[in-house]
Amino acid sequence: MKFIIAKSAGFCFGVKKAVETVENNMGVYPKLYTLGEIIHNPQVVQQFKDNGVYPVESADEVSEGAVIIRSHGAPKAEIDAFSQKGIRIVDATCPFVRRIQKIVQKALLNNEFIVIIGERTHPEVIGINGHCENTGFVVDTWQEVQNLPETEKELCVVAQTTTRRDVFDSIIALLKEKYETNKINVFDTICDATGDRQSEAKEIAQKADVMVVIGGRQSSNTAKLYKICSEYCKRTYAVENTKEVLTIKTYKNDIIGVTAGASTPDWLIKEVVEKMSENEVFAQDLSFEEEMNKTLVKIRPGQIITGKVIYAKKDEVSVDIGYKADGLIAKEELGEEDPTVAFAEGDEIEVEVIKINDGNGNVVLSRKKVLARAEADKTIANISNGEIFEVTVKEAVKGGLTADYEGVRVFIPRSQIRANGFAKDVDRYVGQTLRVKAIDIDAKRRRVVATHGAIVAQERAEALENAWSKLAEGETVKGIVRRLTDFGAFVDLGGVDGLVHIGDIAWYRINKPEDVLKVNDEIEVVILSLDRENQRISLGYKQLQPKPWDNAEEKYAVDSVVKGTVVRITTFGAFVALEPGIDGLVHISEVSNKFVSKVEEAVKVGDEIEALVLDVNTEQKRISLSIKALLPEEVEETEEAAKEAAEAVEEAAEAVEEAAEAEE
C-alpha cells in the first residue's frame, strides 16, 4: 500500500487558536466552560471534559467563572447574556469569522439586504446572523436564492468560511441575475485554508484507490471534504476514530489518500495511518482486481458492463459478460446498421443489462442505451462550461418547462424563463425553440436545470451597453416613437429608450403628444441629457424644428390677406389661429363694417375667416388683423344719426299739419 497524506489536513489557524486558548486558561478560573463544543471533534472535547472544561449551550447553565467563545463565534445576544451575569468572556472566535460579523454589523447600520451563503443550522452561520439581529437571509441552493424576496436595497453578500468555492460562485451568479438592477456588494469570506484543503483533497482523490476522510460527524468542513472526495474516488470513507478504520477493506496495490477536517488533531491523523499500515486485515495478499476475478460478476437491470463478442449476426449479437449465462443484443438494441461489419468475435463491447433472463436463460442486453448514455455524458460535458445551446420546449409543467437535448432532460424553472420575474403563462412556450445555458447539472441522472432568462438579460445588458456607448449629449440622432403618455413620448434609439417631454415636442402649447407625434413615427431628436446611473435619457424634438415666429414677418406681411380659424373670443376682440403656435387678434372695432356691442355679434369660435394683416410685431409675438377691411363700405348708423333722422321726420310731420291748417 502507498499513502498520500494531505499537507493541509488537520487543525486550521482558527481551530488551533481555540484549542490553545482552552489549554492556556485551564486552572486560571475556578470554573471554565466553552459555549458549545470548542471544536467538532469528540476526542478533543472529551479530553477537555476530563480536565474540567465543559461545553454549555447558554448562560443559564453558568453561575461563575469564565466561558470561552469557540472559533465559530456566537450571536451577540448570547455573548451579552454571559456578560450580564458577570461571567468572564474569553473570545476565541476565528479572526476570519469575526471579520464577517463586522461586515454584517455595518450592513445592518446601512440598511442593506444581507445574504449569508452557508448552512443555516451551522453555529458559525447562526453567530454571523446574530450580529445583524437575525435579519440576514441564509441560502445554500439555487432554489433558496429563487425564494428570496424582492428588494430595492443594496445587497451585502457574505459566506460561511467553509463554503465550497463552486457553490459560492454559482450562488453569486444567481443573485446577480435575480437582483440585476440592485447594487450587490460581494465579500469573498471563504477561508483560504478551507479552499486549499478542498483543492488538495480533490487532487489526491483523483489519484487514490481508497480515500479516507478523518473528522467529527458534526464537522461541516469534514462533510464537504467527504462529498468532494466521493465525486472522484468511489471507495471514499469517513472515519471519526481508529476503530472505524477496521471497516475499511484495502488491497496490496491500493493507493490510499488521507485528508482531515479542520477540527482533526494531528495525533488522530497519525494513529489512523499507523493503524491502516500495521494491521494485516487491511493488506490482503491478492490485489483488488485479482480478487474480483475469482468470482463471476453479479448483474442487475440497468447495470453497464463490458463483455466480449461471441458472434455477430445481422439480427443479433451474443456477448460473454462473465456471468453464468451469455447476453444477447437484439437488432433494435444494437444502434448499428450492420452488426457483422461493426463487431467481430473477441471485440470488447460495453452494454447495459435490460433483463437477466429472457425466458430461455439468456441475459437481454442493449448497446443502443450505452451509446445514448455516452452521447448524453458528452453533452453534459459540453454544456458544463456554460455554453449556450438550443432546446425545443416539449412540455409545460407546474414548475416550468421541460425539453430534451441530445439525450439529456432539460428543465427550465418559471423564474428562469423570462429576464425579469416569473413567467405566468408557460403553456405558450410549448413548441418554441429557446436558447439556454445550464445553471445546475446532475450528471449521474443526466438532468440539467437551465436558464433562458439569464441569456436574455445578458444580451439586453450588452445591447444596452453598446447603445449607451454610441450616445453623447448635444448629438442629433434618429429614433422611432414607441409609446405615448400624458407627459411625453418614448423614443427607441436602437436598444435604449429616451423621453421627449411634452414641453420639448413643440414650440407652442399642446394638449397631448398625439397632437404632433404618432406611434412608429421615425423622427430626429437632439440628446439634451444623459443620466447613466439612473438609465434616463432626455430628448428634444422641437429644438430641431423652426420656431413659428422666426419668419412670421415675411410669411404674414402687412396688407396681406390671410385665412384662419377663430379659437377664442374676449370682450376686446377675437383670436384667430393662423398656424400652430401663431394667433392673430381682430380687435372688436375690426370685426364688422357695422356697429356691434359684442364680438359674438360678428364671429363665433370655430368660424373660418379671411382678414387683412394690419401689423406684425415678432418681438412681442403679436399680429393685428382686420375683417372689416375686406368688407364693402356701409354708412354707419350711430345713435346720434338715428336721433337726427327722427327729428327730421317729426319736423316734416309738423310742416304737413301747418299746411293743412292754412288751407282751411
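Are any residues in segment 412-448 assigned to a strand (DSSP E or B) and within 24 Å of LYS369 (Cβ to Cβ), and if so, which ones? Residues satisfying the conditions are ALA438, ILE441, ASP442, ARG447, VAL448. Any residue at all in segment 104-114 that's crowded, with 21+ Cβ neighbours inside 10 Å and assigned to a strand (DSSP E or B)? Yes; the residues of segment 104-114 include at least one that is crowded, with 21+ Cβ neighbours inside 10 Å and assigned to a strand (DSSP E or B).
For residues in segment 455-500 being in a helix (DSSP H, G or I) and β-branched (Val, Ile, Thr), which is nearest to VAL516 (Cα to Cα)?
Quick first cut of segment 455-500, residues in a helix (DSSP H, G or I) only: 455-469.
Narrowing further to those that are β-branched (Val, Ile, Thr): 455-456.
Details: ILE455: 38, VAL456: 35 Å.
Across segment 455-500, the extreme among qualifying residues is VAL456.
If the condition is being of a type in the set (S, T, N, Q) and at pLDDT below 85, then segment 257-281 contributes SER263, SER277, ASN279. Pairs are defined by a Cβ separation below 6 Å, a sequence spacing of at least 6 or placement on different chains, a first member in segment 615-634 that is touching a residue at least 60 places away in the same chain (Cβ under 8 Å), and a second member that is in a loop (DSSP other than H, G, I, E, B); the pairs so defined are VAL616/TYR556; THR618/TRP549; LYS621/TRP549; ILE623/TYR556.
Can you spot a residue in segment 490-497 that is in contact with a strand residue (DSSP E or B) (Cβ under 6 Å, 6 or more places away or on another chain) and not hydrophobic (A, V, I, L, M, F, W, C)? Break it down into steps so the answer makes sense when it comes.
Of segment 490-497, the ones in contact with a strand residue (DSSP E or B) (Cβ under 6 Å, 6 or more places away or on another chain) are 490-493, 497.
From what's left, not hydrophobic (A, V, I, L, M, F, W, C): 492, 497.
Taking every residue of segment 490-497 in turn, at least one turns out to be in contact with a strand residue (DSSP E or B) (Cβ under 6 Å, 6 or more places away or on another chain) and not hydrophobic (A, V, I, L, M, F, W, C).
Conditions tested, residue by residue: (1) assigned to a helix (DSSP H, G or I); (2) surrounded by 13 or more Cβ atoms within 10 Å (Cβ to Cβ); (3) at pLDDT 90 or above; (4) not assigned by TED's automatic domain parsing to the domain that holds THR222.
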{"site": "GLN43", "(1), (2), (3), (4)": "yes, yes, no, yes"}
{"site": "GLN47", "(1), (2), (3), (4)": "yes, yes, no, yes"}
{"site": "TYR54", "(1), (2), (3), (4)": "no, yes, yes, yes"}
{"site": "VAL67", "(1), (2), (3), (4)": "no, yes, yes, yes"}
{"site": "SER71", "(1), (2), (3), (4)": "no, yes, no, yes"}
{"site": "ALA81", "(1), (2), (3), (4)": "yes, yes, yes, yes"}
{"site": "GLY86", "(1), (2), (3), (4)": "no, no, yes, yes"}
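Would you confirm whether or not segment 188-195 contains a residue that is out of contact with any strand residue (DSSP E or B) (no Cβ under 8 Å at 6 or more places or on another chain), farther than 17 Å from GLN160 by Cα and free of Cβ contacts under 8 Å to residues at least 24 places away in the same chain? No, that holds for no residue. Is there a residue in segment 609-618 that is within 30 Å of ILE502 (Cβ to Cβ), out of contact with any Gly (no Cβ under 7 Å at 6 or more places or on another chain), of a type outside the set (A, V, I, L, M, F, W, C) and not assigned by TED's automatic domain parsing to the domain that holds PHE490? There is at least one residue in segment 609-618 that is within 30 Å of ILE502 (Cβ to Cβ), out of contact with any Gly (no Cβ under 7 Å at 6 or more places or on another chain), of a type outside the set (A, V, I, L, M, F, W, C) and not assigned by TED's automatic domain parsing to the domain that holds PHE490. For ALA173, state whether it is in contact (Cβ under 8 Å) with a residue 40 or more places away in the chain and buried (at least 18 other Cβ atoms within 10 Å of the Cβ). So ALA173 fails the test.
From the list VAL97, VAL67, VAL62, VAL56, the one residue that fits, being touching a residue at least 60 places away in the same chain (Cβ under 8 Å), on the phi < 0 side of the Ramachandran plot and of a type in the set (A, V, I, L, M, F, W, C), is VAL97.
Condition test on VAL353, is it within 14 Å of ILE304 (Cα to Cα) and among the aliphatic types (A, V, I, L, M)? Steps first, please.
Working: within 14 Å of ILE304 (Cα to Cα): yes; among the aliphatic types (A, V, I, L, M): yes.
Here the answer is yes, as VAL353 does meet what is asked.
What's the total number of residues in segment 219-266 that are more than 30 Å from ILE441 (Cβ to Cβ) and without any contact (Cβ under 8 Å) to a residue 12 or more places away in the chain? Qualifying residue count for the region: 3.
Collect the residues in segment 352-376 that are acidic (Asp, Glu) and either assigned to a helix (DSSP H, G or I) or farther than 16 Å from ARG300 by Cβ (or both), keeping them in residue-number order.
First, the residues of segment 352-376 that are acidic (Asp, Glu): 352, 358, 375.
Selection gives GLU375 alone.
Taking segment 405-434 as the region of interest, how many residues are exposed (fewer than 14 other Cβ atoms within 10 Å of the Cβ) and modelled with pLDDT of 85 or more? Walk me through it before giving the result.
Start the filter on segment 405-434 by keeping residues that are exposed (fewer than 14 other Cβ atoms within 10 Å of the Cβ), which leaves 420-421, 424-425, 427-428, 431-433.
Checking which are modelled with pLDDT of 85 or more leaves us with 427-428, 431-433.
So the count comes out to 5.
Would segment 143-153 turn up any residue that is crowded, with 19+ Cβ neighbours inside 10 Å, touching a residue at least 12 places away in the same chain (Cβ under 8 Å) and within 18 Å of ILE100 (Cβ to Cβ)? There is no residue in segment 143-153 that is crowded, with 19+ Cβ neighbours inside 10 Å, touching a residue at least 12 places away in the same chain (Cβ under 8 Å) and within 18 Å of ILE100 (Cβ to Cβ). Just one of VAL397, VAL391, VAL370 is within 30 Å of ASP169 (Cβ to Cβ) and surrounded by 16 or more Cβ atoms within 10 Å (Cβ to Cβ); which is it? It is VAL391.
Of the residues LEU517, LEU499, only one is crowded, with 18+ Cβ neighbours inside 10 Å, under 36 Å from the mean Cα position of the chain (by Cα) and modelled with pLDDT of 90 or more; which? Don't jump to the end; show me each part of the working.
Details: LEU517 fails: under 36 Å from the mean Cα position of the chain (by Cα).
Among LEU517, LEU499, only LEU499 is crowded, with 18+ Cβ neighbours inside 10 Å, under 36 Å from the mean Cα position of the chain (by Cα) and modelled with pLDDT of 90 or more.
Does any residue of segment 282-305 turn out to be surrounded by 16 or more Cβ atoms within 10 Å (Cβ to Cβ), modelled with pLDDT of 80 or more and over 30 Å from ALA342 (Cβ atoms)? No, every residue in segment 282-305 fails to be surrounded by 16 or more Cβ atoms within 10 Å (Cβ to Cβ), modelled with pLDDT of 80 or more and over 30 Å from ALA342 (Cβ atoms). Note on segment 131-219: enclosed strands (runs of 3 or more DSSP E) holding 1 or more residues that are farther than 27 Å from ASN241 by Cβ and within 24 Å of the chain's Cα centre (by Cα) are 137-139, 155-159, 184-186.
Checking the condition surrounded by 17 or more Cβ atoms within 10 Å (Cβ to Cβ), closer than 16 Å to LYS542 by Cβ and either modelled with pLDDT of 90 or more or not assigned by TED's automatic domain parsing to the domain that holds ASN534 (or both), which residue from VAL481, VAL449 passes? It is VAL481. Scan segment 180-196 and tell me whether some residue there is basic (Lys, Arg) and surrounded by 15 or more Cβ atoms within 10 Å (Cβ to Cβ). Scanning segment 180-196, I find no residue that is basic (Lys, Arg) and surrounded by 15 or more Cβ atoms within 10 Å (Cβ to Cβ), so the answer is no.
Number of residues in segment 208-217 that are surrounded by fewer than 17 Cβ atoms within 10 Å (Cβ to Cβ) and at pLDDT 90 or above equals 0.
Within segment 597-610, not a single residue is closer than 30 Å to ASP504 by Cα, within 60 Å of the chain's Cα centre (by Cα) and surrounded by 15 or more Cβ atoms within 10 Å (Cβ to Cβ).
The values are calculated or read from the model by the stated rules, or taken from the named source; none is laboratory data. None of the values given here were measured: they were computed from a predicted structure. Here Cβ is always computed from backbone atoms with ideal geometry, including for glycine, and neighbour counts include all displayed protein chains.
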